[in-house]
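Asker: Got a structure here, written out as structure tokens. Questions coming.
Values in this text are rule-based calculations from the coordinates and carry no lab data. Keep in mind the model is a prediction, meaning the values are calculated, not measured. Cβ coordinates were reconstructed from backbone atoms using ideal geometry, including for glycine residues, and neighbour counts include every protein chain displayed.
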Amino acid sequence: MAEEDKSAEPRTTATKQPAVKKTTAKSAAAKTASATSQTPSKRTAAAKKSTASTARKRTTKAKAAAPQTVGEAPAPVIERTSPEQFGRVNVLDITPNVENGLFPARVELGEAFNVTAQVFIEGRTKAGATVSVRNARGREVERFAMTCTNPGLDRWEAMVKIGEHSDLKPWDADYAAVKRQLGEWQIVIEGWEDTYQSWLHDAAIKVKVNDDVENALESGAQLLARWADAKDSKLSAADKKVLRDAAKTMENKSLSAEERLAAVQSSDIEQLHETNPLRDGLSESNPQRFRVERPKSSFASWYQFFPRSEGAYYGEDGKIVPGNLKTSIAGLERAAAEGFNIVYLPPIFPIGVTNRKGRNNSLVAGPNDPGSPFGIGSELGGHDTVDPQLGTMDDFKAFCERAHELGLEIALDFALQCSPDHPWVKAHPNWFRTKPDGTIAFAENPPKKYQDIYPIDFNADMPGIEKEVERIMNLWIEAGVTIFRIDNPHTKPVRFWQDVIAAVTKKHPEVLFLAEAFTRPGMMRALSYVGFTQSHCYFPWRNTKEELEEYLEETNGNGGFYQHNTFWPTTPDILTAYVRDNGIAGHAVRAVLAAMGSPSWGIYNGYELIENKQRPGFEEQIDNEKYEVKVRDWDSTEKYGIAELLTSLNKIRDTHPACRSYHNLHILPSDDAGVIAFLRQTPAELTGTGKADTMIVIVNLDGHNAHQSIVHIELGDFGFATDKPLKVHDELTGRDFEWGYDNYVSLAPWADVAHVLTVVED
């Protein structure tokens, strides 16, 4: 043994410090002020008195010192004074972690998600770990026990949630209680020495081989007594009695060693160790930031329609009579009947006349062409005005009120661009980029040109543009809008959106933002960081099994803590070859994948009518609704069955907590290239029902041919019994099956394109 360093500073004082009540800054200042106000003679006398008193107290304590604890001293709490310092127990590599904590991870209120960390202690001593959930004021609200998932490598995990899920809407009378839970929360990983498990492991061996048994059992009795007195364990009176009774039994030398040890091996004490452990050497990690957003921030079902087409009909002269906000009530009722909870409207502002686009994006508009709603602004007004052809602001407010009665939120498209006729062109000419010849530059994405749009120059007066946009958004929020769908946000500065969203949500934290940004991953991520709650994504172009498996895991993995991808099979601008070529079955396949593959999904109306004809040479619908009014025969939806499917999918989503999270999807192995299978699961303690919720989805990706496959489930990995069949219920067909490790599945496009199975408990 190396010679002891006698010059080393003793560590006793350091380990005792946490037991001393900390002096607050306020009380310390008061004490200092009191001391400095004393006269020199009084300060001297006070100092002498203090010294004498301290000496007497130390002497008294030394004389009355308690007997030394049998066994090792409990691990102390070691105060950390800087972020890089370790506590008594070591905590590293916490997930989720967004850009090293620069941005908060984002979760929905009451959403289940996985937290992991590396937690370890020296030697063969056992460690434990807990997730502490703390609100914006730093108060602990809930604790979640962590489980070591790979013993020896010290990876600990826990499924947690922040706050409680609520179905209340922003316009409901009691919504204030939900609103108070929104904002930034913290999660702290707490590592601790598991004194109980360490002692129990050694004591069991000693009793078995009859080695130093009395000392081992006495140590255990003292440990239980200390556990019963530990405030941190938050034990009830009944829990304390369990521990103290066990301690008495262990001290009873009239019993055999095996009987005494058995007292501490009861199921009651094992349960207390799970829920209310003794946590010696408690060591906190650096706080991890979480942005908690309201329900429907990530779990959402979108339905898009153009008000001018809703209720449109052919007049006696053969010309189309457009719909308006009043006739659009029918669209609200259809969306509600199909189970959607958000209705999304394209821009409803006045449309410019200069260079107005005609049908199919032609450069010349006919006399009856309404123009594109994205060519915003005319002499009738700009972004703060309802297009008179649609109605008035009062009509829009009534529209929102009816939506709210139906349980629907209204999302409004906010395209930050102007027609040459927009009032801003005259009022703020410096907001637009001019060419050397002095004319304002039109929008373009070579070779594409948008002759009906002036893009805004944010370099000229960003603060002024921000102020105006904030004013306009507040106007629409007061009218009933709770969500903004932002058109092409990636063509504007990220900092602009960061400022605008921060200003709007400070006043209205319930308001959400959807980014329509089909662009580079870095830009999509940055937009999510600055406040875009959801994002359009590349789902429409992920069609093969390999593409979908990769994308489902990407969307529902760690990326889900910052970017909430919403799956849309089609949009007015997107009609892929898959949807074009696979008919009704293809529409059903993409609907199932969208609804079950992401907590947020959306449908552009007309999907129910199999509108799948492409404009030649373009990946969009022919006769695009952006440039004309469409008259639809909604009575014909029954012959396709898609509306019924959409309704079923939304019902399944609303009744199953497993559908609500971006963090619970697992790809299941399947041996056919045309069949994809995945599972979603939320554990019992986080469902609100006391029962685990498990969904198994199997989809035939081929819209023309039947496919058979073996789908494998590693039953034990998901908490299922391994010695009996797994009972499952098909939510789409009502049929029941028994599953095991390997399961034969046959799906045909003319019968069932998919199974959506619920695991049924016995």
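Asker: Do the alpha carbons of any pairs in Lys208/Lys234; Lys448/Lys506; Lys397/Lys467; Lys449/Lys613; Lys126/Lys208; Lys507/Lys651 sit beyond 26 Å of each other, and which pairs?
Answerer: Working: Lys208/Lys234 33 Å; Lys448/Lys506 38 Å; Lys397/Lys467 24 Å; Lys449/Lys613 24 Å; Lys126/Lys208 21 Å; Lys507/Lys651 33 Å.
From the list (Lys208/Lys234; Lys448/Lys506; Lys397/Lys467; Lys449/Lys613; Lys126/Lys208; Lys507/Lys651), the Cα-Cα distance tops 26 Å for Lys208/Lys234; Lys448/Lys506; Lys507/Lys651.
Asker: What's the local net charge at Phe103, with K and R +1, D and E -1, over the other residues with C-beta under 13 Å away? Kindly include the intermediate steps, with their values, before the conclusion.
Answerer: Working: positive: Arg106, Arg289, Arg291, Arg525; negative: Glu99, Glu184.
Net charge in that neighbourhood comes out at +2.
Asker: Run the reach check for Lys639 against aspartates and glutamates, Cα to Cα strictly under 12 Å, same-chain hits fewer than 8 apart removed. What comes back?
Answerer: Cross-link targets: Glu608.
Asker: Same structure again: Whole-Hz Karplus ³J(HN,Hα) for region 476-489, in order, using 6.51 cos²θ - 1.76 cosθ + 1.60 and θ = phi - 60°, x for Gly and Pro?
Answerer: Each residue of region 476-489 in turn: 6, 4, 5, 7, x, 6, 10, 9, 10, 9, 9, 7, 6, x Hz.
Asker: Can you work out ³J(HN,Hα) from phi for every residue in region 737-748, in order, using Karplus 6.51 cos²θ - 1.76 cosθ + 1.60 and θ = phi - 60°, giving whole Hz and x for Gly and Pro?
Answerer: 9, 10, 10, x, 5, 10, 10, 7, 10, 10, 10, 10
Asker: What do you get for the angle between helix 393-405 and the principal long axis of the chain? Use alpha-carbon atoms, 0 to 90 degrees, nearest ten.
Answerer: Rounded to the nearest ten degrees, it is 50.
Asker: Okay, next question. What FRET efficiency would be calculated for the residue pair Ala337, Ala460, taking the C-beta separation as r and a Förster radius of 51 Å, to the nearest 0.05? Don't jump to the answer; show the numbers that get you there.
Answerer: Working: r = 48 Å, r/R0 = 0.93.
Plugging the Cβ-Cβ distance into 1/(1 + (r/R0)^6) gives 0.60.
Asker: May I pose another question? Between beta-carbons, use under 11 Å as the cut-off and find the net charge around Leu92, counting Lys and Arg +1, Asp and Glu -1. Mind showing how you got there, number by number?
Answerer: Details: positive: Arg155; negative: Asp93, Asp154.
Net local charge, Leu92 excluded: -1.
Asker: Could you derive backbone 3J(HN,Hα) for region 415-420 from the dihedral phi with the Karplus parameters 6.51, -1.76 and 1.60 (θ = phi - 60°), listing whole Hz in sequence and x where the residue is Gly or Pro?
Answerer: Here the 3J(HN,Hα) series is 8, 8, 7, 9, 6, x Hz.
Asker: Would you tally the net charge around Phe567, using a Cβ to Cβ cut-off of less than 11 Å, leaving Phe567 out, and scoring K and R as +1, D and E as -1?
Answerer: Net local charge, Phe567 excluded: +2.
Asker: In region 131-196, which trypsin sites (Lys or Arg not before Pro) are in a loop and have at most 10 other Cβ atoms within 10 Å, using DSSP for the loop call? Kindly include the intermediate steps, with their values, before the conclusion.
Answerer: Details: sites: Arg134, Arg137, Arg139, Arg143, Arg155, Lys161, Lys179, Arg180; in loops: Arg137, Arg139, Lys161, Arg180.
Answer in residue order: Arg137, Arg139.
Asker: Quick one: Met393, Met462, fewest Cβ neighbours within 10 Å first, how do they rank? Please report the intermediate quantities before stating the final value.
Answerer: Numbers: Met393 14, Met462 17.
By the 10 Å Cβ count, ascending, the order reads Met393, Met462.
Asker: For Ala145 and Leu168, FRET efficiency with R0 = 35 Å and r from the beta-carbon atoms, rounded to 0.05?
Answerer: Details: r = 30 Å, r/R0 = 0.85.
In this case the efficiency is close to 0.75.
Asker: Still on this model: Can you tell me the convex hull volume per residue for region 479-619, based on C-alpha atoms, in Å³ to the nearest whole number? Before the final figure, lay out the partial values.
Answerer: Details: hull volume 18.5 nm³, N = 141.
Convex hull volume per residue, Cα atoms: 131 Å³.
Asker: From the square roots a ≥ b ≥ c of the eigenvalues of the alpha-carbon gyration tensor of region 554-659, which class results: rounded (a/c under 1.5), prolate (a/b over b/c), or oblate?
Answerer: Details: a/c = 2.14, a/b = 1.41, b/c = 1.52.
Oblate is the answer for region 554-659, as a/c is 1.5 or above yet b/c matches or exceeds a/b.
Asker: Label Ile710 and Ile205 with points 7 Å out from Cα along Cα→Cβ: what is the distance between them in nm?
Answerer: 4.4
Asker: Also, quick follow-up: Out of (i) 252; (ii) 147; (iii) 268, which label holds the value of volume of the Cα convex hull per residue in Å³ that was computed here?
Answerer: (i)
Asker: Provide the packing ranking of 700-710, 105-115, 636-646, 326-336, i.e. peptides ordered by the mean count of other C-beta atoms within 10 Å per residue, highest first.
Answerer: Numbers: 700-710: 17.9, 105-115: 23.3, 636-646: 16.3, 326-336: 19.7.
The peptides rank, most packed first, as 105-115, 326-336, 700-710, 636-646.
Asker: If you don't mind, there's one more thing I want to ask. What whole-number distance in Å separates the alpha-carbon centres of region 717-738 and region 184-243?
Answerer: Measuring centre to centre over Cα atoms gives 40 Å.
Asker: Please work out the FRET efficiency for the pair Ala136 and Lys426, using the Cβ-Cβ distance as r and a Förster radius of 51 Å; give the result to the nearest 0.05. Could the numbers behind the result be given before it?
Answerer: Details: r = 45 Å, r/R0 = 0.88.
With a Förster radius of 51 Å, E is 0.70.
Asker: Tell me whether region 300-657 comes out rounded, prolate or oblate; compute the Cα gyration tensor, take square roots of the eigenvalues as a ≥ b ≥ c, and use a/c under 1.5 as the rounded threshold. Don't jump to the answer; show the numbers that get you there.
Answerer: On the way: a/c = 1.42, a/b = 1.19, b/c = 1.19.
Taking the square roots of the gyration eigenvalues as a ≥ b ≥ c, region 300-657 is rounded.
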